[in-house]
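The values are calculated or read from the model by the stated rules, or taken from the named source; none is laboratory data. Keep in mind the model is a prediction, meaning the values are calculated, not measured. Cβ placement follows ideal geometry from the backbone for every residue including glycine, while neighbour counts extend to all protein chains displayed.
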Amino acid sequence: MKRFFDLSAAICALVILSPVLLLIALLVRLSLGSPILFRQDRPGFKGNLFTCIKFRTMTDARDEFGELLPDAQRLTPLGRFLRNTSIDELPGLINVVRGEMSLVGPRPLLPQYITRYTSAQMRRHDVKPGITGWVQINGRNALDWNQKFALDNWYVDHRSFWLDLRILAATVWQVFKRDGIAQPGHATMPEFLGTNPRCKKAVTQPTRIIVVGAGGAAREIVSALDSINKIEQRFEFLGYVVSDLSRLQPRDSREQVLGDFSWLQANRNSFDALAIGVGFPASRLRLAAELRHFLPEVEWPSIIHPTAIIDLDSARIAEGCFIGAGVTATVNITLEAFVLCNFGCTLGHEARIGAGSVVNPGANISGGVVISTGVLVGTGSQILQYLHIGAGATVGAGAVVTRDVAEGVTVLGVPARPRALDEPLSSIQQEQHQAHF
Ligand SMILES: CC(C)(COP(=O)(O)OP(=O)(O)OC[C@H]1O[C@@H](n2cnc3c(N)ncnc32)[C@H](O)[C@@H]1OP(=O)(O)O)[C@@H](O)C(=O)NCCC(=O)NCCS
């Protein structure tokens, strides 16, 4: 029934709207050049990728690192108009005819979000994505991600033909009202980096958490959990697990070690969340990938020591991060998943730290610095403003970095220079490196 309705309505709409579509295509061609259509892989039904089609609304302007500029700087006046009126979505009717989308369903989001969803958030992929949906008529981009995912799940649970008709009618009304297109301060939605640690669940029970690793970094996490609990009982620390019991070091916390990863599998119902207490970037990423694979439903809360001073209103912090005591971070910082910011480090405005990277105690990351995935920033080092540190690089303790650092390179000293024995990565190594991250 739904497929029949989608197909017939989409074909009719394409025929009736064809003069408008041709006119828009011409306007886009004249103002933005070609291509006229924007094609992007998006996860659809069951998370399978399909190529989503829209009219192009943004230029491809990039900064000096080849990173695309913020949405606001790339959106043209015509693009803004097409978005405000939702006309940019009309080519999606072709996706409907192809059976990749429905007229009504949760909006298809970006492929990288798939690995960031909790299992509850993933339920939005139990139905085909839609051109419009329950979210679009209930506030659209004026909502935060948690609110949107809750509405998506409501739609999945309550979907019916009549609900779809109601959503389609309300969408037409919304488009004329031109309401709720962008979030305040963002030209479009901010990136979804995983569930924000500040969006506290209305929990009555503290989260039962286990720390992976039993060394210094692990003990620092446990100390932060204690400090958080003094303010509000949010966590119940159960103990440590390690990947290999035979490799426990004399200085590791032996008494509270519950076991190795097989213990986690055997006792899945006794804990809610995990935190990675290992201070080596490649190990953080490997452990996160391994544990997420065999424990897909476990939570990875980001843990922020109460003495850290962070502008949380503008910060974007993905899951599994740890921010230690006395860390200071100013505006608009971004931490991707599983970042460790150790005690007393500082992060300047717009600093961006890639997944699994470790910023060691007292390191100073200046404003606008971009650190890629799997980087180790040594104790007390300084990275000057707007520099770029490549994936897998190491900044030695005490170094003062004054230039960009290439992938996989170790830099030492003041000013920091590549360590003599570091050859640039071969192309095969680079591929392995990228596959790893
Ligand atoms: C850069 C680093 C990873 C190199 O480690 P490594 O590969 O084991 O190197 P080694 O210790 O064998 O030292 C190799 C050489 O580099 C020198 N070196 C090492 N680290 C250095 C540093 N940070 N600055 C200047 N020189 C350094 C050593 O003196 C040695 O020189 P030599 O051959 O003339 O004697 C490490 O020294 C470092 O700085 N790690 C960060 C530590 C940290 O932040 N810990 C925080 C824990 S909370």
Looking only at residues in the stretch 31-55 that are under 12 Å from GLY79 (Cα atoms) and over 28 Å from the mean Cα position of the chain (by Cα), which one is surrounded by the most Cβ atoms within 10 Å (Cβ to Cβ)?
LEU32
Say we look at the stretch 356-380 and pick out the residues that are more than 13 Å from the ligand (Cβ to nearest atom), free of Cβ contacts under 8 Å to residues at least 24 places away in the same chain and under 20 Å from the mean Cα position of the chain (by Cα); which of these is nearest to ALA420 (Cα to Cα)?
ILE371
Checking the condition more than 10 Å from the ligand (Cβ to nearest atom), modelled with pLDDT of 95 or more and in contact with a Cys (Cβ under 8 Å, 6 or more places away or on another chain), which residue from ILE389, ILE383, ILE353 passes?
ILE353
Being in a loop (DSSP other than H, G, I, E, B) and under 17 Å from PHE50 (Cα atoms) is the filter here, so list the residues in the stretch 126-151 that pass it.
VAL127, LYS128, PRO129
Failed item, numbered, when GLY390 is tested on (1) in contact with a Phe, Trp or Tyr (Cβ under 8 Å, 6 or more places away or on another chain); (2) among the small types (Gly, Ala, Ser); (3) over 22 Å from GLY216 (Cα atoms):
(1)
Does ARG123 satisfy being touching a Ser or Thr at 6+ places or on another chain (Cβ under 9 Å), over 13 Å from PHE50 (Cα atoms) and not polar (S, T, N, Q)?
no
Does the stretch 25-32 contain at least one residue that is at pLDDT below 95 and part of a loop (DSSP other than H, G, I, E, B)?
no
Going through the stretch 392-409 in order, the residues found to be within 12 Å of the ligand (Cβ to nearest atom) and in contact with a Pro (Cβ under 7 Å, 6 or more places away or on another chain) are VAL400, VAL409
Scan (1) touching a Ser or Thr at 6+ places or on another chain (Cβ under 8 Å); (2) at pLDDT 95 or above for the single condition ARG316 breaks and write down its number.
(2)
Going residue by residue through the stretch 83-98, is there one that turns out to be buried (at least 16 other Cβ atoms within 10 Å of the Cβ), outside any helix (DSSP H, G or I), of a type in the set (A, V, I, L, M) and under 25 Å from the mean Cα position of the chain (by Cα)?
no
